[in-house]
Amino acid sequence: MTGKKTKQGLSLRFLTELLAGLTVLLYPMVVTAVLSMLQTLAAEKGGGGKGLDVFCMLLTAAVWLGAALLTKTRWMGRALPKTGLVLSGMLFLSVLFYVLAFAMEQEVIGFSGVLWAFCRLLGAPAAVSVDGMQALLGTETGTAAMLSCGVYLAVSFLAAFPGKESGKQNPKAAGKN
């Protein structure tokens, strides 16, 4: 049944893998967007406090780490190495976009409102975590930003490295070649 083709020529296995990959990718993106909006709304109403910032930081890091681990394990039916590479690329670019937005906030480079908003949106994982990192460790904003970006770069590298099973070939498939 996994090799059965649909009318358009796509196999059911391919569609299942695509759906599993998109599920793994969309989950951390949606959670990060919701937490970012929650922090923004709390800041407008007078601040949610340090507890909310730490909670958002820990939840965001746990969700992205969980997504990276899902690409390595068989919890989704099989390991998803290509999804891990996409996840890694998303996090790496997210860190770069947040660094650009942070540089504009600190007036290191010229400020452009549209570019800042775009970079802040795409750099949401690091942006959500900076306030929590600052509240948790009691550091300055720049140090918290660097630590937050470092956490997401580490998760990005974890997602990018191939798992143990990617180098192994199925003995039945090896004999058919």
Förster-model FRET efficiency, 41 Å R0, Ser112 and Arg74, C-beta, rounded to 0.05: 0.35
Efficiency of FRET between Leu18 and Phe161 - r from beta-carbon atoms, R0 22 angstrom, step 0.05: 0.45
Region 14-138 - convex hull of alpha carbons, volume per residue in Å³: 118
Aspartates and glutamates whose Cα lies under 13 Å from that of Lys50, excluding same-chain neighbours fewer than 8 positions away: Asp131
Accessible surface of region 13-100, 1.4 Å probe, proportion on carbon and sulfur as whole %: 75
Computed lengthening from Leu10 to Phe55, 0.36 nm per intervening residue step minus Cα-Cα distance: 12.0 nm
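The values are calculated or read from the model by the stated rules, or taken from the named source; none is laboratory data. Only a predicted model underlies this, so the values are computations on that prediction, with no experimental measurement involved. Ideal geometry is used to build each Cβ from the backbone, glycine not excepted, and the neighbour counts take in all protein chains shown. Side chains included, ligands, DNA and RNA excluded: accessible areas come from the protein's heavy atoms. Shrake-Rupley method; radii C 1.70, N 1.55, O 1.52, S 1.80 Å.
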